[in-house]
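Below: the structure, in structure tokens.
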Number of protein chains: 2
Amino acid sequence: MVKCLEPQLDRLFGALGEPVRRAVVRDLALGEKSLSELAEPFDITLPGMMKHVAILEEAGLVMTEKRGRTRFCRLEPEALSHAQRWIEETTSFWTKRLEALATYLEEEN
Amino acid sequence: MVKCLEPQLDRLFGALGEPVRRAVVRDLALGEKSLSELAEPFDITLPGMMKHVAILEEAGLVMTEKRGRTRFCRLEPEALSHAQRWIEETTSFWTKRLEALATYLEEEN
DNA sequence: CAAACACTTAACCATTTGGTTAAGTATAGG
DNA sequence: CCTATACTTAACCAAATGGTTAAGTGTTTG
């Protein structure tokens, strides 16, 4: 039996597995935005966008800060590198395996 | 209003947002495995593992083939590169933005 | 050919997800 | 101070998720 040792990766990949949230992540590269500014391009209510932003926050992708009556959202640029690292580790693991297999087949001749 | 143009990314990131499925992806780097071999390390039934493998298949991460009474699963090594490309595009977008901001602040002085 | 094996299908279940509406709270502006 | 703005909270909803059990189907194997 194996347990999950990487809940942060669950949240990170989970957060990215939704089109609105990926779009928000791209939007925020243009700079800080308020919740209503984020919601505006989508056919979505403000509470709806709040839930998406909360999920992005828990995934570590976004930071929010309230100034006056406005909540501003901005990117946490380090976050994506965790996902990237997992993918790189995994593909390099695959590649090594495939190279080992190729070597083996060559020595077979 | 913005629609989703990348359903494959939804499936890909969605599939990776679950610890059992990430573990399966790593397991399969060791080579082809049957459904029961995949299920064995986890506290999960065979139908449970079948659902995970089906999701990995729809995400394009895994190929399966039935030989005799056994269904073998193997990796589709190209699949992860789509996720990697999205992350790279997004972070390079961020980086450009941050560099532009740095330049702007420098010229301010 | 009978039984064991490896999966498959179907039905069900609790929880989470992605969304809503409606009624708040708190700040800004006139 | 009153009102509009911008968010927040709560309650609700349908559908999807991650799991199960139970009863199949199709392939070895003795």
Solvent-accessible surface (1.4 angstrom probe) belonging to residue B:82, in square angstrom, nearest 10: 90
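Just tell me how shielded A:15-22 is by partners: mean number of partner chain Cβ atoms within 10 Å of each residue's Cβ, no decimals. The partial results should precede the final answer.
Details: counts 2, 11, 11, 6, 9, 2, 1, 7.
Mean partner shielding for this stretch: 6.
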Accessible-area value, residue B:40, 1.4 Å probe, nucleic acids and ligands omitted, Å²: 140
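Provide a whole-number value for the mean count of partner chain Cβ atoms within 10 Å of the Cβ atoms in peptide B:26-37.
Working: counts 5, 1, 2, 9, 3, 2, 0, 0, 0, 0, 0, 0.
For this peptide, the per-residue mean of nearby foreign Cβ atoms is 2.
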Cut-off under 5 Å, modelled amide H: who pairs with residue A:62 long-range: A:57, A:76
Nearest-20 debye value, region B:30-69 charge dipole, Cβ charges on Lys, Arg, Asp, Glu: 180
Position residue A:74, label points 7 Å along Cα→Cβ, spacing to each other copy in nm (shortest first, one decimal): 4.9
Calculated Rg and Dmax of region B:7-108 using C-alpha coordinates, Å: 19.0, 72
Peptide-level mean, for B:90-96, of C-beta atoms on other protein chains within 10 Å: 5
For residue B:50, label point 7 Å along C-beta direction: distances to other copies, nm: 4.3
Distance in nm between pseudo-label sites at residue A:85 and residue B:95 (7 Å out along the Cβ direction from Cα): 1.7
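The values are calculated or read from the model by the stated rules, or taken from the named source; none is laboratory data. Here the structure is a predicted model, which means the values were calculated and not measured. All Cβ positions, glycine included, derive from the backbone under ideal geometry; neighbour counts span all protein chains shown. What goes into the accessible areas is simple: the full protein's heavy atoms, side chains included, and nothing from ligands, DNA or RNA. Shrake-Rupley method; radii C 1.70, N 1.55, O 1.52, S 1.80 Å.
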